[in-house]
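Taking it in order: structure first as structure tokens, then the write-up.
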Amino acid sequence: MQSVLEKYLPTHAVPMVDALLQQHLVYLKIVPARNSKHGDYRKLPNGQHQITVNGSLNQYRFLITLIHEIAHLVAIEKFGRDIASHGKEWKFTFQRLMLPFIRPEIFPEQILPLLARHFKNPTASSDTDVHLAKALKQLDESYENTTFIHQIPNGSIFKIYNGRTFQKVGLKVKRYVCKEISTGKAYLFNANAEVEWIKS
């Protein structure tokens, strides 16, 4: 397993992750990119624990996603299946599992303070932490060719990954209100949502 993990994780994280996977009898499945999620955990009918992670993620986001999903497994085993999916038990477990990885041998220096702040109260998705999500995206190979919704002017027309077209209206607290062209319905977008800018 370590030889596979080396392709997707920071080098110094590999032995610790491998130990976690073996300890909890996890079947790790690396899958093509999914726009709806970075990873997931489920217990299979045969009792095996399966975690899937998008193979398109950069090594740092892959690590955070994998530990996020392992935390679901561990929290359920410790506290029972009735706990909230991203409730206090999961948060506590995610913090405990992630702490050994938050060090300069594993993450770039500029990411460490953002991780430390995020893991004081981890959210259901690191994408909702605008500062951390932006810093992690900047480490993607495709970052230079990516357009984010916060970069385009209000009134702009844009497409998202599934071809739906919207017009950017304006900022509401931390997210952008956008009107879908075909239906006129309003939707909220994370500031780091990737878009295809069509026109102003």
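The values are calculated or read from the model by the stated rules, or taken from the named source; none is laboratory data. The structure presented is a predicted model; accordingly, all values stated were derived computationally and were not measured. FYI the Cβ positions are ideal-geometry reconstructions off the backbone, even for glycines, and counts take in every protein chain you see. These area figures cover heavy atoms from the full protein model, side chains too; ligands, DNA and RNA do not enter into them. Shrake-Rupley method; radii C 1.70, N 1.55, O 1.52, S 1.80 Å.
Binning the alpha carbon pair distances of the range 84-185 at 10 angstrom intervals from zero yields the distribution 13, 33, 29, 21, 4, expressed in whole percent.
The trypsin sites (Lys or Arg not before Pro) of the range 92-189 that meet both conditions, a loop assignment by DSSP and at most 15 other Cβ atoms within 10 Å of the site Cβ, are K120, R164, K174, K185. At a probe radius of 1.4 angstrom, the accessible area of the chain per residue rounds to 56 square angstrom. The modelled label-to-label distance for the pair E77/E105, using points 7 Å beyond Cα in the direction of Cβ, is 2.4 nm.
With both labels modelled 7 Å from their Cα along Cα-to-Cβ, the H150 to N162 distance reads 2.5 nm. Shown is the FRET efficiency for Y143 and Q95, computed with R0 = 35 Å from the Cβ-Cβ distance and rounded to the nearest 0.05: 0.80. In a simple Cβ point-charge model (Lys, Arg +1; Asp, Glu -1; nothing else charged), the range 1-151 has a dipole of about 420 debye relative to its Cα centre.
Taken as Cα centroids, the range 122-200 and the range 10-37 sit 28 Å apart, rounded to the nearest whole angstrom. Shown for the range 154-200: the carbon plus sulfur share of the solvent-accessible area, taken with all protein chains present and a 1.4 angstrom probe, equals 52%. Shape of the range 1-74 from its Cα gyration tensor (a ≥ b ≥ c, root eigenvalues): rounded if a/c is under 1.5, otherwise prolate when a/b > b/c, or oblate? Oblate is the answer for the range 1-74, as a/c is 1.5 or above yet b/c matches or exceeds a/b.
Expressed as a whole percent, the accessible surface of the range 88-147 that belongs to carbon and sulfur atoms is 52, based on a 1.4 Å probe.
Ranking A193, F119, S3 by Cα position along the charge dipole of the chain, where only Lys, Arg, Asp and Glu carry charges on their C-beta atoms, puts A193 farthest toward the positive end.
In the chain, the sites counted are GluC sites (Glu not before Pro) in DSSP loop states with at most 12 other Cβ atoms within 10 Å, and the longest stretch holding none of them, exclusive of the sites, is 1-104.
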